[in-house]
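Working notes, beginning with the structure itself.
The values are calculated or read from the model by the stated rules, or taken from the named source; none is laboratory data. Every value quoted in this text rests on a predicted model; they were computed, and no experiment measured them. Here Cβ is always computed from backbone atoms with ideal geometry, including for glycine, and neighbour counts include all displayed protein chains.
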Ligand SMILES: [Zn+2]
């Protein structure tokens, strides 16, 4: 069978696929003591179940250039590592490694049977991936479609984790919501407790709480702006919204659509904006499609 492996900061999710269907999945701890332990822990857990492994697709949180991880956000010990080579030492089957956000985009695109999509993950920050003509756009440094770092703001000037100011991520995603709530808390009335989640903010925004609605309004406005700009460049046809915050569902999607149309040039106004389908399984699916297609191409 083919396997899709989604390596995260604390756990690695492993999915077994047959005829494009996820038929089994489990998790192992992401071993951070050494590269060897990380690799062997994953490979051994698959070997235990399957003696006829056809290939492994693997996604990691990090940029990949020429198969080498240049910078990993959560797993710094992988910086400078050729992970593909490390896995090939442990098991002699076809292996391919990909950036996690790009992998999620590929999973959602292939699952929806779409060749051109932008995928946006609204989580702690704002991640993204882009599939063009069925292929993931990786770019020169593996940083293609880093939509979270498009410059969209000259008013708030919140500092971004990347070192810049005014990135989309400073106003969208969990960090963005917290920035905006902090900024307006003293000037706008609210029922929002001091300890809150993004879901609390969106729930109150639905009820027109002034502070919560302001944060929601800026969030969806700037996301609409960024998506309109990216659409003018690449005409993706479909924008897929995922990540934990996308659980806000239609309320969120409808406001993103309205704001997208505010900024979009006429020829891309028919772009569909939809919710992601695969949830936390997107990484496993993307990694699976990646390796399956690669093996098929080589046959
Ligand atoms: Zn940034």
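A few remarks follow.
- Residue within the range 267-280 that is in contact (Cβ under 8 Å) with a residue 60 or more places away in the chain and assigned to a helix (DSSP H, G or I) present: yes
- Residue 201 within 16 Å of the ligand (Cβ to nearest atom), over 16 Å from residue 275 (Cβ atoms) and either surrounded by fewer than 20 Cβ atoms within 10 Å (Cβ to Cβ) or in the same structural domain as residue 128 (by TED's automatic domain parsing) (or both): no
- Residue check for residue 154: over 21 Å from the mean Cα position of the chain (by Cα), exposed (fewer than 14 other Cβ atoms within 10 Å of the Cβ), within 16 Å of the ligand (Cβ to nearest atom) and assigned by TED's automatic domain parsing to the domain that holds residue 244: yes
- Counted residues, the range 159-174 - those being surrounded by fewer than 20 Cβ atoms within 10 Å (Cβ to Cβ) and more than 10 Å from the ligand (Cβ to nearest atom): 1
- Any hit, the range 75-85, residues being part of a strand (DSSP E or B) and in contact (Cβ under 8 Å) with a residue 12 or more places away in the chain: yes
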